[in-house]
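As structure tokens, the structure follows; a few thoughts come after it.
The values are calculated or read from the model by the stated rules, or taken from the named source; none is laboratory data. None of the values given here were measured: they were computed from a predicted structure. Cβ sites come from the backbone with ideal geometry, for glycine too, and all protein chains shown count toward neighbours. Heavy atoms of the whole protein, side chains included, go into the accessibility calculation; ligands, DNA and RNA do not. Shrake-Rupley method; radii C 1.70, N 1.55, O 1.52, S 1.80 Å.
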Amino acid sequence: MVLPVGNPTKSYWIEAAKSSLRNLRSTVELPKETDVVIVGSGYTGATTAYWLHKFTERNHRQPRMLMLEARDICGGATGRNGGQLRPHAYSRYPKWSERFGPDGALEVIKHEMAHLSAFKELLDEEGIAEEACLKLGETFDAAMSEKARTRLKHAYETMLKDHGKEGDVIRDCGIIEDPQATERFTQMKGCIGAVVHAAGQVWPYKFVHALLRIVMEKARLNLQANTAVVEVSERDDNGWITVKTSRGDVRTRTVNYHIQLPPPYNAIIVGGGKSLLAHDPDSYILNDSEDQQFVGILEFYQSWPVADIIDWPGEIPAKLSRCVNEGGCWSGVMSSSIDEFPFIGAVPNNDGHFLAAGFTGHGMPRILLSTASIAPLILDSIGMKFRSPALVATYPPLPKPFKLTMERLKRLQQVDAKAKYEAAVENDLESAKEALCNDLRSRPKSS
């Protein structure tokens, strides 16, 4: 089993939240057995536990759940991002429609868009919307070059052509083509075009901790921080799976994984620093050293507001809300699947093992409803009756490209991973030639 680094850079979203669950162990000792082991305590693990609770809340007996986290609770990727609920409303449409057809592409997009209302409904029902800092509104994709404007316009117009002005999702998107109007709307210097669509934001760490608190209060969840899973067996003839941890063994009926992939299949999330780091893509692609800061990144972020925002009213250079080593600037790992879609479902030829992983840095508008689809599979595997909660009844089913099947695995094993890696590096190096990546703050310091 791959374990995360032990001393990652500190994230603002974790340090500023100050949760009492951070290092919680529900019991001093691990239970000897349970019904479901959930590996990982981030967004995916927490929502899986929540759905297992909701699907069985009318039962006389709910499943025993044991959540094992190698670090502190939600200390991985979920706790290290700002929670942008930003679906791919139109931008991936040309690529997806070429692969899956117009209806197949729209299926994926509608599943992502549904997360906006799903988050609102769930957080309102549980009374944690304010605690989790949920906000719904609009976002925009800003074109800072002619190349980017052409790409955005092509994606928007391709979807518009296939589905019409009143088509699902596209009817709620808007394009701004006049450069002056775009700059006024976005407040970004030099922006020459934009596409606007619905989006939202949530504080992922607070959301996850609130959800875990609810499940512990209402269901049968045992939460164990700083308990690394090191090995998982196959299901034996008596229906038990043995999970070996750093603190002893547990036997379980099922195991649900939400973990990062083994090295070297990870990348450091670069966020707004891409124009700086594009000059050296090997510094973050196939790198999981989230205990290190990038050279020059602090100065880059401090220079960003005055460089990009019209009439920036703040200090120059901008000050971080926390000092750099206490959450002001941080890194985090992103695991990518080779076809850019997550793997959701029962692991083929491995009874009792389930997977929800590989969200490729785009989990916020995908995970909540994906884990709702895996909960019934887990419950069916342990022979427990369940009833779909009203909360999920009206939302789209799991898109076909997300499903974990043997056919998909065999197909992806034929993909040339080295070629994809080399193409990603080449794409970044091409981007590094653009003007956006060659202003004073973005050029490598040796130039």
Exercise. Mind checking the log10 I(q)/I(0) for region 1-89 at q = 0.25 Å⁻¹? Debye, one equal scatterer per Cα, no solvent, two decimals.
Worked result: -1.36
Problem set entry | If the convex hull is drawn through the Cα atoms of the chain, its volume per residue in Å³ | 148 Å³
Exercise. What is the magnitude of the charge dipole of the chain about its Cα centre, with +1 placed on the Cβ of each Lys and Arg, -1 on the Cβ of each Asp and Glu, and no other charges, expressed in debye to the nearest 20?
Worked result: 780 debye
Exercise. Taking the inverse of the average 1/r across all pairs of different Cα atoms in region 112-176, what Kirkwood radius in Å do you get?
Worked result: 14.2 Å
Problem set entry | 0 to 90° range, to nearest 10: angle between helix 417-431 axis and the chain longest Cα axis | 30 degrees
Problem set entry | Environment charge of Lys206, counting only residues whose C-beta is closer than 14 Å and scoring Lys/Arg +1, Asp/Glu -1 | +1
Exercise. Most fluctuating residue of Ala143, Ala46, Ala318 in a GNM of the chain with Cα springs under 10 Å: which is it?
Worked result: Ala318
Exercise. So which GluC sites (Glu not before Pro) in region 1-60 are both in a DSSP loop and have at most 16 other Cβ atoms within 10 Å of their Cβ?
Worked result: Glu29, Glu57
Exercise. To the nearest 10 degrees, how steep is helix 297-308 against the longest Cα principal axis of the chain, on a 0 to 90 scale?
Worked result: 50 degrees
For this session: Considering only Asp339, Asp162, Asp72, give the residue with the highest GNM mean-square fluctuation for the chain, with springs between Cα atoms whenever their separation is below 10 Å.
Result: Asp162
Problem set entry | Cβ-placed point charges (K, R +1; D, E -1), dipole of region 283-404 about Cα centre in debye, nearest 20 | 720 debye
Problem set entry | Per residue accessible area in Å² of region 136-295, where ligands, DNA and RNA are left out and the probe is 1.4 Å | 48 Å²
Exercise. Per residue, how much accessible area does region 48-127 have with a 1.4 Å probe, in Å²?
Worked result: 36 Å²
Problem set entry | Among Gln201, Thr44, Cys191 the positive-end extreme of the charge dipole of the chain (Cβ point charges) | Thr44
Exercise. At what distance in angstrom do the alpha carbon centres of region 213-249 and region 350-370 lie from each other?
Worked result: 18 Å
Exercise. Roughly how many whole Å is it from the C-alpha centroid of region 117-175 to that of region 83-116?
Worked result: 10 Å
Exercise. Out of Ser41, Ser381, Ser336, any idea which swings most in a Gaussian network model of the chain, alpha carbons joined below 10 Å?
Worked result: Ser381
Exercise. Quick one: helix 204-218 against the long Cα principal axis of the chain, what's the angle to the nearest 10°, folded into 0 to 90?
Worked result: 20 degrees
For this session: Give, in whole angstrom and from largest to smallest, the semi-axes √(5λ) of the equivalent ellipsoid of region 382-447, with λ running over the eigenvalues of the Cα gyration tensor.
Result: 44, 22, 10
Problem set entry | GluC sites (Glu not before Pro) restricted to DSSP loop in region 206-243 with at most 15 other C-beta within 10 Å | Glu234
Seminar exercise, completed: In whole percent, the fraction of accessible protein surface over region 33-175 that belongs to carbon or sulfur atoms, probe radius 1.4 Å, stands at 46 percent
